[in-house]
Amino acid sequence: MNGSIRVSAKTVDDAITEALIQLGVTSDNLEYDVIEKGSAGFLGIGAKQAVIEARKKTVSVQEDAPAKKSQPKETKHKEEKIAYKENTQTEVNSKDVEIAPTEVVKHECELAEVKEETKHAVEIFLKDTLNAMGMEVELTTSVDSDGALCVDMKGKNMGILIGKRGQTLDSLQYLTNRVANKHQDGYVRVKLDTENYRARREETLKNLAKNIAYKVKRSRKPVSLEPMNPYERRIIHAALQADSYVTTHSEGEEPYRKVVITLKK
């Protein structure tokens with residue numbers, strides 16, 4: 001195919017992210033075909049990488065062009081000024097209270113000591129939920145250095161539990177947090193993970209941030225990333241916080257809120 005690239009990675013999601021970097025586009029301007037879904041194998045033996053054929057959407061520029069021409073010049077300038085004001089304000093807020101109002105962040109910093117009753121309730125909830133999904137999963141619980149209750153899950157076909165870009169895992173984590181906080185006073189934070197997904201996803205996002213920042217420095221044009229959850233947006237912000245040439249802010253409403261990387265003025 002003309003203008004297409006073939007990308008391989010551990011998972012389809014990682015291959016899509018790599019294609020976004022190589023083609024220098026956001027997810028709404030990418031088309032791809034899955035050539036090979038890939039598999040983790042057993043203990044790494046017989047693992048196969050995911051392969052996709054990716055290309056830029058050819059119609060996106062044509063769709064955008066008429067909208068730009070139809071705008072009166074004076075109105076366009078006014079809208080740009082308003083947008084810049086709003087983005088600047090969001091940039092200040094995003095690094096401080098990206099996930100929630102101040103009081104929620106405060107509660108997360110003051111985690112309650114996790115009681116055995118809470119651990120038991122969380123394990124029962126997860127086992128019942130996973131059994132209902134037809135999955136046999138081994139749970140390992142621990143409390144990390146921040147005082148959060150961590151649950152690691154092991155079993156077959158854990159990719160189903162992770163879901164697209166971790167959405168299924170995040171939803172299950174949200175419900176588990178609700179269960180945990182019904183069983184004791186104070187705020188309890190629960191972290192769910194499987195197959196080291198959280199660390200792998202964080203590394204992918206850090207690499208994406210650095211590659212997109214490099215593109216912004218070269219083109220001197222802002223780049224919008226695909227919509228991400230608050231946790232993933234914070235990873236992008238943190239990865240580029242010390243960069244002297246670019247800055248980040250968030251735009252949009254949940255669940256379509258996304259990070260925009262721009263050149264510093």
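The values are calculated or read from the model by the stated rules, or taken from the named source; none is laboratory data. Keep in mind the model is a prediction, meaning the values are calculated, not measured. Note that each Cβ is placed from the backbone with ideal geometry, even for glycine, and that neighbours are counted across all protein chains shown. These accessible areas exclude ligands, DNA and RNA; they are computed on the full protein's heavy atoms, side chains included. Shrake-Rupley method; radii C 1.70, N 1.55, O 1.52, S 1.80 Å.
When the residues of the stretch 137-168 are narrowed to those that are farther than 12 Å from residue 195 by Cα and in a loop (DSSP other than H, G, I, E, B), which ends up least open to solvent (accessible area, probe 1.4 Å)?
By that ranking, first place goes to 148.
Quick one: is residue 91 assigned to a helix (DSSP H, G or I) and either of a type outside the set (Val, Ile, Thr) or at pLDDT below 50 (or both)?
Here the answer is yes, as residue 91 does meet what is asked.
If you check residue 254 against the conditions, is it part of a helix (DSSP H, G or I) and without any contact (Cβ under 8 Å) to a residue 40 or more places away in the chain? Steps first, please.
Numbers: part of a helix (DSSP H, G or I): no; without any contact (Cβ under 8 Å) to a residue 40 or more places away in the chain: yes.
When the stated conditions are applied, residue 254 does not pass them.
Could you say whether any residue in the stretch 206-217 is in a loop (DSSP other than H, G, I, E, B) and free of Cβ contacts under 8 Å to residues at least 12 places away in the same chain?
No, the stretch 206-217 has no match at all.
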